[in-house]
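Here's the structure, in structure tokens; my notes come after.
The values are calculated or read from the model by the stated rules, or taken from the named source; none is laboratory data. Owing to the predicted nature of the structure, the values given are computational and were not obtained by experimental measurement. Note: ideal-geometry Cβ built from the backbone for every residue, glycine included; neighbour counts use all protein chains shown.
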Amino acid sequence: MSSTRQEEVWKTNFGEEYNERNTYDNKALDEVYVSDIGITRTAMNEDFIGDLDREMKILEVGCNIGIQLVNLQEMGFKNLYGFELQPHAVELARQRTKGINIIQATAYDIPFKDGFFDMVFSNRVLIHLNPDHISKALAEIYRCTNDYIYGSEYYADSLTEIKNYHGENNIAWKRDFAGLYSELFPDLKLIKEKKYKYTFNDDVDSTFLFRKK
């Protein structure tokens with residue numbers, strides 16, 4: 001498929017400005033999460049995937065400059081991969097990380113074989129996918145994992161556009177992403193889901209872990 005409008009926007013200065021706003025090290029990342037939703041990212045990951053094998057092969061969808069992957073690396077996970085749409089973010093990610101495999105790609109055509117990973121995860125990335133095409137991206141995520149799907153995304157009971165997202169419209173939507181996974185792939189078993197309300201507004205994050213039955 002051809003590039004969506006959302007992909008084209010992320011390749012502009014809009015995407016580069018996002019990169020510059022989010023140049024956290026792991027300590028700063030945890031501090032931002034505490035400020036935003038009252039729990040560190042490390043604690044959240046420990047709660048959801050802390051018992052999983054540190055040798056498992058993990059892919060992040062839309063890894064930006066790699067801060068979520070570094071968090072997993074510092075938790076002891078060793079076989080980490082990520083892909084990102086923006087060339088600038090890929091370049092920064094490669095500069096800022098060590099021992100993590102990061103490439104440029106799109107969620108609509110993930111360049112790995114079926115079941116190549118033990119877990120595929122996203123973090124506030126699915127919200128930026130065009131609602132008319134998101135099922136294709138979720139199918140790619142489903143295809144590439146042989147076991148777990150892990151996600152943390154803005155939640156709403158029904159599809160809702162996030163207006164004026166850093167000055168842009170038609171760029172972000174919140175919805176029940178866990179429910180959409182369950183609807184599209186009935187063989188997924190929901191292991192855990194938690195919702196975290198933001199400390200400064202009424203937004204909610206849904207964090208969820210699925211496993212293929």
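Observations, loosely collected:
- If you check Gly179, Gly151 for being more than 29 Å from Lys11 (Cα to Cα), among the small types (Gly, Ala, Ser) and not in a loop (DSSP other than H, G, I, E, B), only one passes: Gly179.
- Condition met for Ala137 (small (Gly, Ala, Ser) and either under 12 Å from Val61 (Cβ atoms) or assigned to a strand (DSSP E or B) (or both)): yes
- Residue list for the range 75-95, restricted to those being more than 23 Å from Asp53 (Cβ to Cβ) and free of Cβ contacts under 8 Å to residues at least 40 places away in the same chain: Glu84, Val90, Glu91, Ala93, Arg94, Gln95
- When residues in the range 22-46 are screened for being closer than 24 Å to Asn201 by Cα and either among the small types (Gly, Ala, Ser) or assigned to a helix (DSSP H, G or I) (or both), 17 of them pass.
- Only listed residue being loosely packed, with under 14 Cβ neighbours inside 10 Å and among the small types (Gly, Ala, Ser), chosen from Ser122, Ser158: Ser158
- Residue in the range 34-50 that is free of Cβ contacts under 8 Å to residues at least 24 places away in the same chain and loosely packed, with under 15 Cβ neighbours inside 10 Å present: yes
- Hits in the range 106-128 - residues which are under 29 Å from Ala156 (Cα atoms) and among the charged types (D, E, K, R): Asp109, Asp118, Arg124
- Every pair of residues 6+ apart whose Cβ atoms lie under 8 Å, when the first sits in the range 146-159 and is without any contact (Cβ under 8 Å) to a residue 60 or more places away in the chain while the second is among the β-branched types (Val, Ile, Thr) and in a strand (DSSP E or B): Gly151/Thr207; Tyr154/Val204; Tyr155/Val204; Ala156/Val204
- Residue selected from the range 183-213 under the condition free of Cβ contacts under 8 Å to residues at least 24 places away in the same chain and within 19 Å of Thr160 (Cα to Cα), by the criterion surrounded by the fewest Cβ atoms within 10 Å (Cβ to Cβ): Asp202
- Hey, Val61 crowded, with 21+ Cβ neighbours inside 10 Å, over 16 Å from Asn123 (Cβ atoms), among the aliphatic types (A, V, I, L, M) and within 18 Å of the chain's Cα centre (by Cα) or not: no
- Some residue of the range 178-189 being more than 19 Å from Ile37 (Cα to Cα) and either touching a Gly at 6+ places or on another chain (Cβ under 6 Å) or of a type in the set (Val, Ile, Thr) (or both): no
- Of residues in the range 1-43 being in contact with an Asp or Glu (Cβ under 9 Å, 6 or more places away or on another chain) and over 25 Å from Pro131 (Cβ atoms), the one modelled with the lowest pLDDT: Tyr24
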